Amino acid sequence: MREFFINSAERLIGVFVVLAALVFTLVGLGGMVSGVPGGPLMGFLVIAGGLILLLIAAGLTYVAFGIYRNTQEANRILAETLRRQ
């Protein structure tokens, strides 16, 4: 049951990453064509900043899941080694 939640969370994070990237891009493009003075720069900064933020947040989350999986594997190997002795 625990693996189900971990796998589901990883899939949901993937979906949220794609949706957030789409939102940052659309908002940035909207700022670029808004006609406001400085709009193109503002739109570019929204896209660049949003994608950098998204990269860091999603990367840290995937690293956390990787640590969890590696810990599970290390525990399994350790238990198997102790059973052999």
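Just so it is clear, none of the values below were taken in a lab; they were calculated from the coordinates. Bear in mind the structure is a predicted one, so any value in this text is a computation, not a measurement. When we count neighbours, we look across all protein chains shown, and the Cβ atoms used for this are built from the backbone with ideal geometry, even at glycine.
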Compute the length gained on full extension between LEU45 and ALA57: take 0.36 nm times their separation in residues and subtract their Cα-Cα distance, giving the result in nm to one decimal. 2.5 nm
Do the sum for the chain: with -39,500 (n - 2.57) for every DSSP H run of n ≥ 4, divided by all residues, what is the mean residue ellipticity at 222 nm, to the nearest 500 deg cm²/dmol? -33500 deg cm²/dmol
Between LEU22 and ILE67, what is the FRET efficiency for a Förster distance of 30 Å, r being their Cβ-Cβ separation, to the nearest 0.05? 0.60
With label points set 7 Å from each Cα along the Cα-to-Cβ direction at VAL36 and GLU80, the distance between them in nm comes to 5.7
